[in-house]
Every structure is written in C-alpha cells, then in structure tokens.
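Report on the following structure.
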Amino acid sequence: MATKYDGSRKRVSGRPSTKAAVAKLVLAMGRDNPTWGYTRLRGALFDVGHELGRGTIERILRDAGLEPAPERGKRPSWSSFLKAHWGAVAATDFFSVEVLTWWGVVRYHVFFVIDLKTRAIEIAGITHDLHQDWVKTALRALLDPVDGFLKDTRKLIHDRDPVFGRDFSRWLKVAGITSVRLPSRSPNLNAYAERFVGSIRRECLNRVIPLGEQHLRLLVREYVAHYNMERNHQGLGNRVLAPQQDNGAVGPVLRRERLGGLLSSYHREAA
C-alpha cells in the first residue's frame, strides 16, 4: 500500500521556477535600464504587481549574461537631528552643468531644494551668473506663505558656499526658518541632497550633452518629474513618492519613456 501511494518520484526539489513572462519582463527592464541595480529592479517590478526577491532577479539577469549596476553605498546620516525635526527640515544645494552654446562651453548652476521626509525635489532656478541677488529672488518664491515649497519648513540645511552667507540666513529667519550651516568638507551631513545630485548626473546629465540653456531646462524638468512621480526610492521602502495608480491593476505592462527612453518607468494599462 505504501508503495502504491508513494509520490516521492514525482516531487521536484527546490522552489518553483519563475514564470517565463515575468522573467522576460525582468530582462526587458534590465536591458532598457543599464544603471538599475537588483533593488531598483525589484521596486519597478512591484509597481506592476510582481513580488520577486533580489536573488531571483540576480539569477535571471546572470543567466542571460546581464550584470546590473552596483548598488549605492550605505546612506550615512545624522539621524538624531533629522528624526527630531522630521517633516519640517529641508536641504538645499547647487550643482553645476557644462552646457554647449553658440559661444562655447558655459557653466550653469542649478539651485534646488529637497524635503528630507518625502524626498520631493523643487528646482528653484537655473543660471550661468550666480550671485546673492539672484539667490534672493529665487528664494522668495520658495518662501511664499501660500504655495511656496518651504512654507512648512522650519530648518534648512546648507553648506558654507558664499551665496549662503549672512544675508541668506537673515532672509530665512524673516520667514521663520532656522539656517543650519554645515561644517566645512562634510558632504555626508547633506547626504540626501548629494544623493539627488548623484542620481541626476548618473541617470541623466552624464548621458546627454546639453545644447543650450533651454535644452538644459528641459532635461532638468523631465528628470525632476520622473524623480517625483515615477522613480522608486530605496530610502522610502523602494516605493514611488507619489504613485499614479494602484499596483493591483491587471492590464498589460507598459513602459513610460521620458527624454527619448533615457528615463523609464512601468505601469499597468487602465482597464
């Protein structure tokens, strides 16, 4: 009787294999986005209703001869300060971009602010002539009490660049915001802003030659829209800041492209 009902020969060892359609999707995402690592791919797959482990994604890519980009380093932070002011602290910084113009290569400066709790980004301005009066004009829009990006902020982190001098701190104080100046040579204390700069360079600006100011503004605008609405963020549980749809949708998976496919996100087509 035991031999008759013995099913050991029909058992298959190990976990069940990944469905071919899901594996095909993993490969498509890996080929379309060479800078995405295992964790980033896992988040994008979750957005379209597939929960896969990092090891499974690694195996699928390795078997197909695809190696994703190395993961970013561990995020250093001064958590004691940030947790005490979570929801009311933001950071600001500049980054420069070399732009090809009719008059040669011109260096432009991009002034941005990041809300540390939500990771939302706001571009305050772009200029090739950086000085305190320009910064004051850009800051005025951020401090608008009705719809300014910093209207609910109480502390603003920034470095010791000359444009963030005493006048800058005084303008913030008038709006009820405390200026938090970082020590010299301490980029890790402004890690969230530095990480955004690294992301926009690695995923966009280092892969395109900006042809004039308007082209640069287009590149920055499209990347920020992607960053705020479509990109998965590891610091937020590998989720999108503002999801545009329910990941329980059942329609076919579609790729949303920005800048000719330089930036990608995936979603389900509405039924």
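The values are calculated or read from the model by the stated rules, or taken from the named source; none is laboratory data. Every value quoted in this text rests on a predicted model; they were computed, and no experiment measured them. Glycine gets a Cβ as well: all are built from the backbone with ideal geometry, and neighbour counts include every protein chain shown.
Going by the structure shown, is Arg256 in the same structural domain as Thr92 (by TED's automatic domain parsing), of a type outside the set (S, T, N, Q) and surrounded by fewer than 18 Cβ atoms within 10 Å (Cβ to Cβ)? Working first, answer last.
Values: in the same structural domain as Thr92 (by TED's automatic domain parsing): no; of a type outside the set (S, T, N, Q): yes; surrounded by fewer than 18 Cβ atoms within 10 Å (Cβ to Cβ): yes.
Here the answer is no, as Arg256 does not meet what is asked.
Within the stretch 102-133, can you find the residues that are over 30 Å from Arg239 (Cα atoms) and of a type outside the set (D, E, K, R)?
Pass one, the stretch 102-133, residues over 30 Å from Arg239 (Cα atoms): 102-108, 127-133.
Selection gives Trp102, Trp103, Gly104, Val105, Val106, Tyr108, Thr127, His128, Leu130, His131, Gln132.
The single residue among His267, His233, His226, His215 that is over 10 Å from the mean Cα position of the chain (by Cα) and more than 18 Å from Leu100 (Cβ to Cβ) turns out to be His267.
Among the residues of the stretch 201-225, those identified as part of a loop (DSSP other than H, G, I, E, B) and in contact (Cβ under 8 Å) with a residue 60 or more places away in the chain are Ile209, Pro210, Gly212. Residues of the stretch 128-139 include none that is under 19 Å from Val110 (Cβ atoms) and within 22 Å of the chain's Cα centre (by Cα). Only one entry in Arg185, Arg160, Arg195 is assigned to a helix (DSSP H, G or I), in the same structural domain as Asp93 (by TED's automatic domain parsing) and of a type in the set (D, E, K, R), namely Arg195. Here Phe112 clears all of (1) in contact with a Lys or Arg (Cβ under 7 Å, 6 or more places away or on another chain); (2) within 20 Å of Arg166 (Cα to Cα); (3) of a type outside the set (D, E, K, R) except the condition numbered (1).
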